[in-house]
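Right, one structure below, let's go through it.
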Amino acid sequence: MPDEPPIVIHDTASGELRELMAGDDGSVGIYACGPTVYNRIHIGNARPFVVFSWLKRFLDARGLTPTLVVNVTDVNDKIYAAAAQQGIPSTELAEAMTAHYIADTDALGLGRPDHEPLATETIDGIISLIAALIERGAAYAVDGDVYFRVRADDRYGSLSHRDVEQMSQGEDDDLVGTGRKDDPLDFALWKAQKDGEDTAWDAPWGRGRPGWHIECSAMAEELLGVGFQIHGGGSDLVFPHHENEAAQTRCARGAELAQIWMHNGMLEMRSAGGASEKMAKSVGNVTLLPDAIAEHGRDALLLFFATGHYRQPLVYARETVAAAAARLARIAELGRSLADGPSPEALRPHRDAFFAALASDFNTAQALEALAAWVREARALDGPGRDDLVAMLSIFGLENVLEAGAEPEAADLELLTAREAARAAKDWAEADRLRGALAERGWQVRDGADGAELVPLR
Ligand SMILES: [Zn+2]
């Protein structure tokens, strides 16, 4: 459609709205940082998964060809520590938590990203990127460790807008004063294997494993090249993670990793005192994603995410999700009363306003206002087609709410029974697998006081 507005997105690096410049073939590369798999993901961790899955759907709807990459960090200090605590190999913990993550996000019914690389499967790319940095004098090896020389990058700090002199990497505090690093600002690209670490790989500078930041630079480059369109993630990753990713690629390749750095705000919990606080394991206020889906249902939860601008904090509370559920119920009720087929021209401005809001820094909250206006006017017109409504809801993966009362088949009920049996036997991995299988068949499992029931996903 020639009259569509350009797509602009807020870029953390420039602090400005920047126009999305797709490749000549319409391709748009998106890399969003995924989970570190040492425990189950909470609903705050789900926000970037939802935002970037929706962005991909929107770009698809605009006729572009997005490729979404969401990595899995499966080698990390946190994984070693959690595995040691449980007395199991770190690979076993990482594999189990990766399976949980896949099943938990499958239940959102938004599909999978195009690529979900594992850090442990990208070791060759990581080693060659580190080698390039050493060759260019931007990194140095010390007794099996390799550190990035922050002062080799004259643009360091330009993403997070921090003064180099005021920074601390917040890692390796035990190294302070040992003279191991040339500069306290430098951070690890490769860490020599330590006692108690049960995974390691051979590298020219010694046996060990990669640091977190270099993993993402390597995985992004391997799948999207350098200079792809959008690098995303939670705003808590801007420093040091993304600042370091940007610096590594700049120094190794002489080019910027991504054109636009897009960051989502944090999900907040309302504390007993009524104030909001960031949802974090360290605060102890987390709600796991599967628990949130079980409590509110997948549909209400998705609409709740759309009620806030992605860059703003969003308060997760019973009332805010209930308000979203009520909004969705009104849309669904109207939508089910409409006939299939094209919507009347009179509704077109609202539909256009919906997509224009998404083109303008992916403003889902404003888009929902346009959707509400469409619904109000459609009700007044009494009886038009619902094509526009399907087009709008499908961006959020919510077109399913227009289909009334589909019934599960015998095979679905068998899977549900098998899942109940697995849960009773405390075989959580099998229960997760079966929940994933049901999600693939279009069913969400909702656990209630009277047992589990199946609710259509789409
Ligand atoms: Zn990352």
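The values are calculated or read from the model by the stated rules, or taken from the named source; none is laboratory data. The structure presented is a predicted model; accordingly, all values stated were derived computationally and were not measured. Every residue, glycine as well, gets a Cβ built from its backbone with ideal geometry; the counts of neighbours run over all protein chains shown.
Here are some notes:
- Taken together, the residues in the stretch 236-294 that are touching a residue at least 12 places away in the same chain (Cβ under 8 Å) and of a type in the set (Gly, Ala, Ser) amount to 11.
- Ala246 vs. criteria buried (at least 18 other Cβ atoms within 10 Å of the Cβ), farther than 28 Å from Leu108 by Cβ and within 16 Å of the ligand (Cβ to nearest atom): yes
- Residues satisfying the stated conditions in the stretch 185-227, i.e. of a type in the set (Asp, Glu) and exposed (fewer than 15 other Cβ atoms within 10 Å of the Cβ): Asp195, Asp198, Asp202
- Residue among Gly34, Gly44, Gly29 that is part of a strand (DSSP E or B) and assigned by TED's automatic domain parsing to the domain that holds Ile102: Gly29
- Set side by side, the residues Gly341, Gly383, Gly335, Gly397 differ, and just one is out of contact with any Lys or Arg (no Cβ under 8 Å at 6 or more places or on another chain) and either assigned to a loop (DSSP other than H, G, I, E, B) or modelled with pLDDT under 90 (or both), which is Gly383.
- Check on Asp291, more than 17 Å from the chain's Cα centre (by Cα), in the same structural domain as Ser160 (by TED's automatic domain parsing) and surrounded by fewer than 17 Cβ atoms within 10 Å (Cβ to Cβ): no
- Residue check: Val51 meets all listed conditions (1) within 25 Å of Ile126 (Cβ to Cβ); (2) among the aliphatic types (A, V, I, L, M); (3) assigned to a helix (DSSP H, G or I) but one, namely (1).
- Any hit, the stretch 261-280, residues being within 14 Å of the ligand (Cβ to nearest atom) and among the small types (Gly, Ala, Ser): no
- Residue match in the stretch 64-74 (condition: assigned to a helix (DSSP H, G or I) and outside the structural domain of Leu289 (by TED's automatic domain parsing)): no
- Failed condition for Met219, given (1) within 16 Å of the ligand (Cβ to nearest atom); (2) over 22 Å from Val51 (Cβ atoms); (3) modelled with pLDDT of 95 or more: (2)
- Test: residue in the stretch 66-74 that is in contact with a helix residue (DSSP H, G or I) (Cβ under 8 Å, 6 or more places away or on another chain), under 21 Å from Phe305 (Cβ atoms), surrounded by 17 or more Cβ atoms within 10 Å (Cβ to Cβ) and among the acidic types (Asp, Glu): no
- Any hit, the stretch 177-184, residues being assigned to a loop (DSSP other than H, G, I, E, B), away from the ligand (no atom under 16 Å from the Cβ), surrounded by 15 or more Cβ atoms within 10 Å (Cβ to Cβ) and of a type in the set (Val, Ile, Thr): no
- Test: residue in the stretch 10-18 that is under 28 Å from Asp432 (Cα atoms), in contact with a strand residue (DSSP E or B) (Cβ under 8 Å, 6 or more places away or on another chain) and in a strand (DSSP E or B): no
- Filter result for Gly225 (away from the ligand (no atom under 13 Å from the Cβ), modelled with pLDDT under 95 and on the phi > 0 side of the Ramachandran plot): no
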